[in-house]
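Visitor: Quick one: the structure is below, and I'll ask about it shortly.
The values are calculated or read from the model by the stated rules, or taken from the named source; none is laboratory data. Everything quoted here is computed from the prediction, not taken from an experiment. Note that each Cβ is placed from the backbone with ideal geometry, even for glycine, and that neighbours are counted across all protein chains shown.
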Amino acid sequence: MKEIRCGSCHKKLGQGEYTWLSIKCPRCGTLNHLRTESPEPERQRAPTVDERSD
Ligand SMILES: [Zn+2]
């Protein structure tokens, strides 16, 4: 789990798992846009021909 904190005043807004989140801080009113980058970036592999002969 990740701590979600306000980018302006660092108030803890919550915790959890998210990929994209928009949350308004109740203390300072800053609208935080939070985004996590995927831990394993999907690589766009060059299309290869799978040589399988069934
Ligand atoms: Zn704040």
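Visitor: Filter the stretch 1-12 down to the residues that are at negative phi and near the ligand (Cβ under 8 Å from one of its atoms) and list them by number.
Guide: CYS6, GLY7, SER8, CYS9, LYS11
Visitor: Answer yes or no as to whether HIS33 is at pLDDT 90 or above, within 16 Å of the ligand (Cβ to nearest atom) and under 15 Å from the mean Cα position of the chain (by Cα).
Guide: Spelling it out, HIS33 is indeed at pLDDT 90 or above, within 16 Å of the ligand (Cβ to nearest atom) and under 15 Å from the mean Cα position of the chain (by Cα).
Visitor: Residue by residue through the stretch 10-21, note down the ones that are surrounded by 12 or more Cβ atoms within 10 Å (Cβ to Cβ) and among the hydrophobic types (A, V, I, L, M, F, W, C).
Guide: LEU13, LEU21
Visitor: From the list SER22, SER53, exactly one residue is within 16 Å of the ligand (Cβ to nearest atom) and small (Gly, Ala, Ser). Which is it?
Guide: On the way: SER53 fails: within 16 Å of the ligand (Cβ to nearest atom).
Being within 16 Å of the ligand (Cβ to nearest atom) and small (Gly, Ala, Ser) holds for just one of SER22, SER53, which is SER22.
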